[in-house]
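Read the structure below first, then the notes.
The values are calculated or read from the model by the stated rules, or taken from the named source; none is laboratory data. None of the values given here were measured: they were computed from a predicted structure. All Cβ positions, glycine included, derive from the backbone under ideal geometry; neighbour counts span all protein chains shown.
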Amino acid sequence: MRMVFRWFGAGNDTVTLKQIRQIPGVEGIVWALHRIPTGEEWPMDEISMVKRQAAEYGLHAEVVESLNVHEDIKLGLPSRDRYIENYQKTMEKLAAVGVKVICYNFMAAFDWIRTDFYKELEDGSRAMFYEHEKIDRMDPRELADMYSREYTLPGWDSNRSREQLVDLIERYRQLTEEALWDNLRYFLEAIIPVAEKLGIRMAIHPDDPPWSVFGLPRIMKNREDLRRLIRLVDSPCNGITLCSGALGADPNNDVAGMVREFSDRIPFAHIRNVKVYKDGDFIETSHRDGSLDLYEIVEAYHDCGFKGYVRPDHGRQIWEEESRPGYGLYDRALGIMYLWGLWDALEKAGKR
């Protein structure tokens, strides 16, 4: 596996490239131009600047995460072709600087959802928490307000007004899951041929959490959805960002089994842990703790000869660190070392 680390850019991250370079086994960054509004073409000068910044510390920039898909594409509006064209142009620019994987999602209106960014765990650390009952009684605008008070958060459009959000939610509530599938097909049929030409692998992120929220359609929730995705446009460039934490929030999802089934379609993996409660709540934990068996998951990747990119994904806030929720330095670095420990043990056991 090829270890990478998410970085939000100079002046937009509490973690520096110098610190990332010092984490053993990390070879590159996962990045995006977060200031560019969704749907706009990314400027080549800013793309090249990120590559140069990473290279100064011996890191590559081969994985882009959060080249977001405009809502008009997801809704299937007539304006979608213009946004797809901008997406294709950005893909071409990214390929020109050596990008190999683009992670995106097709979640309606909201990206990943949590109800508390700083829930305290028993050991005094803080982590992101999802409270199922709170979501059931919450006005979506309250959630948007909570997110707008934080750092720029991946997948969230901070330029969207409360009124625009309400309108967007109503549009999506009138959209069936089948219609959302049709709109995903339309998008993939337009971009996968471009990806094939450019040598880029597209990798869709699962819904987080993997069930309907606020009555909105969700189509990347489980094994059957991933099977359908692959059949939608059958190409090695139509791939999956297999996120153990997102899928693992549903105890019915066999994450290790998904790794084994879809290994040839996983160019990029998020490996993290969550503690899942019977009432549907879950909280993010250290990689070693939680409800998921990370040994079993890493073993599945190892058995499949996985050579794709991996990042530790979210971490807790520990040792009094102040950072973007889920994206501090210390716990993610600890997570990397835990993953390497599992991987190295599997490697040595296989050589005996």
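Here are some notes:
- Tally, over the range 263-290, of residues that are under 22 Å from Leu226 (Cα atoms), touching a Gly at 6+ places or on another chain (Cβ under 7 Å) and in a loop (DSSP other than H, G, I, E, B): 4
- Filtered residue count, the range 127-145, keeping only those that are surrounded by fewer than 18 Cβ atoms within 10 Å (Cβ to Cβ) and touching a residue at least 12 places away in the same chain (Cβ under 8 Å): 6
- Whichever residue in the range 187-199 is surrounded by fewer than 17 Cβ atoms within 10 Å (Cβ to Cβ) and in contact (Cβ under 8 Å) with a residue 24 or more places away in the chain and, among such residues, is farthest from Met220 (Cα to Cα): Gly199
- From the options Phe110, Phe117, residue that is assigned to a loop (DSSP other than H, G, I, E, B), on the phi < 0 side of the Ramachandran plot and at pLDDT below 95: Phe110
- Qualifying residue in the range 230-240 (condition: part of a loop (DSSP other than H, G, I, E, B), closer than 26 Å to Ile271 by Cα and either without any contact (Cβ under 8 Å) to a residue 24 or more places away in the chain or touching a Ser or Thr at 6+ places or on another chain (Cβ under 9 Å) (or both)): yes
- For beta carbons closer than 9 Å, sequence separation of 6+ or different chains, a first residue in the range 167-179 that is among the hydroxyl-bearing types (Ser, Thr, Tyr) and a second that is at pLDDT 95 or above and assigned to a loop (DSSP other than H, G, I, E, B), the qualifying pairs are Tyr172/Pro217; Thr176/Pro217.
- Any hit, the range 60-79, residues being assigned to a helix (DSSP H, G or I) and loosely packed, with under 14 Cβ neighbours inside 10 Å: no
- Just one residue in the set Leu226, Leu180 is touching a strand residue (DSSP E or B) at 6+ places or on another chain (Cβ under 8 Å), assigned to a helix (DSSP H, G or I) and modelled with pLDDT of 95 or more; that residue is Leu226.
- Residues of the range 291-305 that turn out to be under 11 Å from Val255 (Cβ atoms) and assigned to a loop (DSSP other than H, G, I, E, B), as a count: 3
- Among the conditions (1) in a helix (DSSP H, G or I); (2) farther than 20 Å from Gly28 by Cβ; (3) in contact (Cβ under 8 Å) with a residue 60 or more places away in the chain, Trp340 misses just one, which is (2).
- For first residues located in the range 61-79 and on the phi > 0 side of the Ramachandran plot, partners that are at pLDDT 95 or above and in a loop (DSSP other than H, G, I, E, B) and lie 6+ apart or on another chain with Cβ distances below 7 Å form the pairs Ser66/Ala32.
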